[in-house]
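Note sheet for the following structure.
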Amino acid sequence: MNALSNEVDVVVIGGGQAALATAYFLRRTGLSFILLDAESSSGGAWLHAWKSLRLFSPATWSSIAGRQMEPKVGGYPMRQDVIDYLADYERHYQLPIERPVFVERVETSGERLNVISGSRQWQARAVVSATGTWRHPYIPAFEGIENFRGEQIHSAHYFSSEKYAGKRVLIIGGGNSGAQILAEVSQVANTSWLTLTEPIFLADDVDGRVLFARATERWKAQQEGRVIDAPVGGLGDIVMIDSVKDARTRGVLHAVRPFKRFTENGVVWQDSSEETIDAVIWCTGFRPALEHLQALDIINPDGRIQVTGTRALNIPNLWLVGYGDWTGAASATLIGVTRNARSTVAEIVEALS
Ligand code: FAD
């Protein structure tokens, strides 16, 4: 990299699992590259996950390219195991990461892309955006939400259940976050679980491996132009990890459909009964964190970018890795992102040669 003008072949924006998997393949190409990560330490979104979060796949199925996560005694890895694994991964491969660097925007500049953070700039021949979704929590519109004076947080900011002891808590959202947070908070608080449709629970013996195998099957079918009508199951289908099984045994794992509206102190249910609620935890997912690409004018109304595989259709030297199925089947998982990182780097090498 030319130190004065910060000219570099590839800039990877982000420092989570998707960025590291991409860096693993970049370091084998001879191209100059750098990772710019907004966090102050390793781990990406896992740094912000709640303390008791347990993965839904065993360690051997929760590793990225080249380096196996150590098997965990007593079950699936916890949040801290992933953070330690990703930190060790960076050290082991001596990846060039600058942090904390928050990339404010990316602009076109002739054949290059300018990556800008405050007064600093990098001129890149190719950019990989691997910024994940954690920074873009999604809360759907609910009537009266602006009147509600109780506490509201998104699962992105939930850390542990202590503060909800003895309270009346509404958990909204029917995916893994909703189920795992309900399982934990229901042990100390009086909870209701609200989902738009009946939650889908996977069989007790099905875990992330099966989800990954199904996503791979779907990905292969797409590659071969076949259509799969068997239920594939997405990341939203609930994996029955121990805490969720325990919640089922305690009889708290049943969901109700949405209420009519919020009031100042609670909600009005469909039967017009009112209920006081102390806190709402929104487990309603995320949207891609792509604000730094706004200036390129390629973000669609749905918050995504048109891609072929992981390559931006309208900016041929921009790739997107790790955002979920629209950027590659299972790309938002540790086990799934390697495949997309590998194909992305192969395309970059071809495009820059
Ligand atoms: P992130 O981990 O979000 O990393 C993105 C990085 O980019 C962050 O460091 C961020 O600070 C940085 N960044 C963002 N914007 C900028 C910017 N403008 N400039 C510079 N840096 C920026 N996955 C699994 O594989 N197995 C599981 O069992 C599993 N369980 C899950 C359970 C729950 C409840 C949830 C919510 C998710 C789960 N996931 C699981 C998914 C996984 O946590 C995420 O998909 C993963 O963190 C995505 O990795 P990433 O590298 O794409 O993004």
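For S57, the requirement of being of a type in the set (S, T, Y), within 11 Å of the ligand (Cβ to nearest atom), touching a residue at least 24 places away in the same chain (Cβ under 8 Å) and open to solvent by less than 20 Å² (accessible area, probe 1.4 Å) is met.
Can you pull out the residues in the stretch 278-290 that are within 15 Å of the ligand (Cβ to nearest atom) and assigned to a loop (DSSP other than H, G, I, E, B)? The answer is C283, T284, G285, R287, P288, A289, L290.
Condition check ((1) outside any loop (DSSP other than H, G, I, E, B); (2) hydrophobic (A, V, I, L, M, F, W, C); (3) within 16 Å of the ligand (Cβ to nearest atom)) across all residues:
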position: V127; (1), (2), (3): yes, yes, yes
position: G132; (1), (2), (3): no, no, yes
position: W193; (1), (2), (3): yes, yes, yes
position: L196; (1), (2), (3): no, yes, no
position: P199; (1), (2), (3): no, no, yes
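When the stretch 60-69 is limited to residues that are in contact (Cβ under 8 Å) with a residue 12 or more places away in the chain and more than 12 Å from the ligand (Cβ to nearest atom), the one that is nearest to L334 (Cα to Cα) turns out to be A65.
Picking from residues in the stretch 298-309 that are part of a loop (DSSP other than H, G, I, E, B) and open to solvent by 60 Å² or more (accessible area, probe 1.4 Å), the one that is nearest to L211 (Cα to Cα) is R304. Does at least one position in the stretch 310-332 carry a residue that is in a strand (DSSP E or B), open to solvent by 10 Å² or more (accessible area, probe 1.4 Å), under 30 Å from I64 (Cβ atoms) and modelled with pLDDT of 95 or more? Yes. What number of residues within the stretch 153-171 satisfy the criterion of being more than 18 Å from the chain's Cα centre (by Cα) and either of a type in the set (F, W, Y) or within 16 Å of the ligand (Cβ to nearest atom) (or both)? Within the stretch 153-171, residues that are more than 18 Å from the chain's Cα centre (by Cα) and either of a type in the set (F, W, Y) or within 16 Å of the ligand (Cβ to nearest atom) (or both) number 4.
For the stretch 106-117, does any single residue satisfy the condition of being within 13 Å of the ligand (Cβ to nearest atom), over 21 Å from T327 (Cβ atoms), open to solvent by 20 Å² or more (accessible area, probe 1.4 Å) and at pLDDT below 95? No, because not a single residue in the stretch 106-117 is within 13 Å of the ligand (Cβ to nearest atom), over 21 Å from T327 (Cβ atoms), open to solvent by 20 Å² or more (accessible area, probe 1.4 Å) and at pLDDT below 95.
Being buried (at least 22 other Cβ atoms within 10 Å of the Cβ), in contact (Cβ under 8 Å) with a residue 40 or more places away in the chain and over 16 Å from D88 (Cα atoms) narrows it down to one of L26, L31, so name that one.
That would be L26, the only listed residue that is buried (at least 22 other Cβ atoms within 10 Å of the Cβ), in contact (Cβ under 8 Å) with a residue 40 or more places away in the chain and over 16 Å from D88 (Cα atoms).
The residues of the stretch 147-177 that are touching a residue at least 60 places away in the same chain (Cβ under 8 Å), over 20 Å from A255 (Cβ atoms) and open to solvent by 60 Å² or more (accessible area, probe 1.4 Å), listed by number, are N147, R149, H157, F159. Residues in the stretch 162-187 that are assigned to a loop (DSSP other than H, G, I, E, B) and touching a strand residue (DSSP E or B) at 6+ places or on another chain (Cβ under 9 Å): G166, K167, G173, G174, G175, S186.
Residue-wise test of (1) of a type outside the set (G, A, S); (2) away from the ligand (no atom under 15 Å from the Cβ); (3) over 24 Å from D9 (Cα atoms); (4) in contact with a Pro (Cβ under 6 Å, 6 or more places away or on another chain).
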residue: T276; (1), (2), (3), (4): yes, yes, yes, no
residue: H292; (1), (2), (3), (4): yes, no, no, no
residue: N300; (1), (2), (3), (4): yes, yes, yes, no
residue: I315; (1), (2), (3), (4): yes, yes, no, no
residue: A329; (1), (2), (3), (4): no, no, yes, no
residue: L334; (1), (2), (3), (4): yes, no, yes, no
residue: N340; (1), (2), (3), (4): yes, no, no, no
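For A45, are the conditions met, namely being open to solvent by less than 30 Å² (accessible area, probe 1.4 Å), near the ligand (Cβ under 7 Å from one of its atoms) and not in a loop (DSSP other than H, G, I, E, B)? No, not satisfied.
Per-residue answers, yes or no, for (1) outside any loop (DSSP other than H, G, I, E, B); (2) modelled with pLDDT of 95 or more; (3) within 12 Å of the ligand (Cβ to nearest atom); (4) not aliphatic (A, V, I, L, M):
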{"position": "L4", "(1), (2), (3), (4)": "no, no, no, no"}
{"position": "G74", "(1), (2), (3), (4)": "no, no, no, yes"}
{"position": "L86", "(1), (2), (3), (4)": "yes, yes, yes, no"}
{"position": "R91", "(1), (2), (3), (4)": "yes, yes, no, yes"}
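The values are calculated or read from the model by the stated rules, or taken from the named source; none is laboratory data. The model shown is predicted, which means the values in this text are computed figures rather than measured ones. Backbone-built Cβ (ideal geometry, glycine too); neighbour counts: all protein chains shown. Accessible surface is based on the protein model in full, side chains and every heavy atom, while ligands, DNA and RNA are left aside. Shrake-Rupley method; radii C 1.70, N 1.55, O 1.52, S 1.80 Å.
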